[in-house]
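Below is one structure, written out as structure tokens; comments come after it.
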Amino acid sequence: MQDKKIRILIAKPGLDGHDRGVKVIAQLLRDAGMEVIYTGLHQTVEQIVDTAIQEDVNVIGLSILSGAHFPITEKLMKQLKNKTMNDVLIIVGGNIPKRDINGLKALGVKGVFTTGSKFEDIIDFIKINAG
Amino acid sequence: MRGEIVKDTQEKIKEVVLESGIKVKPVYTPKDVKKIDYNKDIQNPGEYPYTRGIHPFMYCERPWTMRQYSGFATARETNKRFKYLIEHGQTGLNVAFDLPTQMGLDSDDIRAEGEVGRVGMAVDTLKDMEYAFEGIPLDKISTSLTINSTAAILLAMYIVVAEKQGLNPEKIRGTAQNDILKEYIGRGTWIFPVEPSLRLITDTIEYCSRYIPKYYPVSVCGYHIRESGANPVQEIAYAFLIAKTYIQRVLARGIDANDFIARISFNFDIHGNFFEQIAKFRSARRLWAKIVKNEFNATNPKAMMMKMIAGGGGGGLTIEQPENNIVRGAYYALISALSGTQTMALCSYDEAYTIPSEKAAIISLRTMQILMEEMGLCDTVDPLGGSYYIETLTNQLEDKIVDCMKKIEGRGGIVDTISKGEIQKEVSRQAYIYEKMLQSGELVKVGVNKYRTDEKEERTIQFHEYDPSLVKKQIKMLNQVKNTRNKKEVSSSLNKLRTMAHTDKNLMPYIIDCVRAYATIGEITSVLEEVFGKFKEPVRI
């Protein structure tokens, strides 16, 4: 836990336009007292990283429902490394098969929240791990 | 979703409120329906206002069309799945396109990376569509193209494929989803700003009404609006407002309401309370007939008949205990048959995880076939008609839909409220409230917040494996086409399209010329984007 308000960028990378879940999460985290910046649809990884730097966030949450979670996350992690943004907490949510969770974690994703995740689990995870 | 809230009250009977806000009484009697005038409000099937169905004998004469959504990887793979489904008794096709195709990007575009062939078939040029429909006669099988911002391009390709099969355009049957306004609310595959997008849709409707009279150029989708969080009343109200917008645009081009409104169909969602859904469709059918007759002064009864595809909705299916989705699908199909739909589609039980496996797709198809051929659903029309409860709900829902439409019209109309992001905000607010009720257990979802079992893995799901090598195949084919096409023809047709996009002429003939010259979907979209610009999403949470 910390005193400073958590700033989180909720991002919708790629071409997938299913934003019901991401907008629910954005409202949830805002109601939980965090500063939420939502990117809107069709973001490239470059745009997401730029926004993260500009907005000086300590968490990035990616919402991916198209099945392209590996290529997108890999690209994001690489670019964050290039910009030496190593202390940003990365979480991924959406239609992620359980068998892919470990693979995403190996890429550096700290938390994976699949469809139907408990609200309090998401909030607690971010509050404990963002710093 | 149970789709209703049950509150404990002081009294013995619990209070039940449906998603649309209607309170359900424990018992309905003739008193509830005594104000209904059968001849005026309900009427026999096939007669205005078509509450009981648009045809006099409905399924007795012609059962519903079964149209499962399918398509993946390349056109060749999709062609195989199409043939497999037709072989198993499917009576119509519903083509899924990958996201780059839906967003107007070629398979070799950097923005398409990781997405080629993933959620549907990849299409770069006419060549892909030629392969997809090889050996499938387009005058015999009706095809639905699930495509929106690039619908004009895909429709153009479809027309040219039919032409190459030697068919007269008058013979082509099928539907293009082509409903851009709902893409701004849900689903999100928009490219251009609202106005030029509306122009493209108007162009396709006008073109079809003149040259492809059997084609449905638009399927207005309440489905995705509801899947994004809207309640059943908003689903119908917003869809009707959107349909009215398209109609007004086409009327402004001097086309007679009687000539084209009949070719606008609807796509609605099924999940939630069983009876509420059935009443929703019956009330929608009646209201649409009134709108077309009274607001557009149509006299052609066909224009007043609301034709629809009802989709057993993905929003009702669950990740948890996926086999339960087979049962849910069966109920959704039953709702759909009791609602008098023209076409039925079911999300498959594994769809919360993956592109449906062959097994899951066949279970969905069999579900509909069992209903059609074993259960007597085709023996008599609208078997629930006259039920005190159903007729009361039908009336109440109609009132609520009318009310909802009036409110939006009073706020500047659907185009304005979508452009400002207001509708989107309303819908996502509702999705949030809904999710909170689900998490608190106020809304019951079996296997999710009740009767839950902990599963370590998705043992029973057979994942559709994405094959990265198909991208190479797809790009190779794209390059082959690029190398063999007539470059002069490509650039002159694209230049012509650019010039015409600056005018207010119908763009369909020029898009058809580009497609015929094997211009790519990315090339055509870029030309249009140069002229039209890009939609700026009003992000409001």
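All of the numbers you see were taken from the coordinates with simple rules; none came from a lab. None of the values given here were measured: they were computed from a predicted structure. Cβ sites come from the backbone with ideal geometry, for glycine too, and all protein chains shown count toward neighbours.
Some observations on this one:
- Each of A:85, A:53, A:18 was scored by the projection of its Cα onto the charge dipole of segment A:1-104, and the greatest displacement toward the positive side belongs to A:18; charges sit on the C-beta of Lys, Arg, Asp and Glu.
- Taken about its Cα centre, chain A carries a charge dipole of about 260 debye when Lys and Arg each add +1 at the Cβ and Asp and Glu each add -1 at the Cβ.
- Tensor-based shape of segment A:7-129 (alpha-carbon gyration tensor, a/c under 1.5 rounded, otherwise prolate or oblate): rounded
- Charged side chains reduced to their Cβ positions (Lys and Arg at +1, Asp and Glu at -1) give the protein assembly as shown a dipole of some 520 debye around its Cα centre.
- Stokes-Einstein diffusion coefficient of the protein assembly as shown, Kirkwood radius over Cα pairs, 10 °C, 1.306 mPa s, in µm²/s: 62 µm²/s
- Panel order for B:492, A:63, B:197, by other beta carbons found within 10 Å of each beta carbon, from fewest to most: B:492, B:197, A:63.
- Within segment B:175-278, the trypsin sites (Lys or Arg not before Pro) that combine a DSSP coil assignment with at most 15 other C-beta atoms in a 10 angstrom radius are B:214, B:253.
- Semi-axis lengths, Å, chain B, gyration tensor of Cα atoms, sqrt of 5 times eigenvalues: 37, 27, 23
- Selection from B:175, B:16, B:462 lying farthest towards where the dipole of the protein assembly as shown points positive, charges on Cβ: B:175
- Counting all C-alpha pairs of segment B:229-358, share separated by more than 26 Å (%): 31 percent
- Membrane-span-like helices of chain B, defined as complete DSSP H segments with a Cα extent of 15 Å or more along the helix axis and a mean Kyte hydropathy of at least 0.0, are identified as B:151-164, B:232-251, B:324-338, B:358-374, B:521-532.
- Per residue, the convex hull around the alpha carbon atoms of segment B:120-240 comes to 109 Å³.
- Near the amide H of residue B:147, within less than 5 Å, lie the amide hydrogens of B:177, B:178, all on another chain or at least 5 residues away, with H placed in the peptide plane.
- DSSP-assigned coil residues among trypsin sites (Lys or Arg not before Pro) in segment B:473-541, each with at most 10 further Cβ atoms within 10 Å: B:536
- The equivalent ellipsoid of segment B:398-541 has semi-axes of 44, 31, 12 Å, largest first, where each one is the square root of 5 times an eigenvalue of the Cα gyration tensor.
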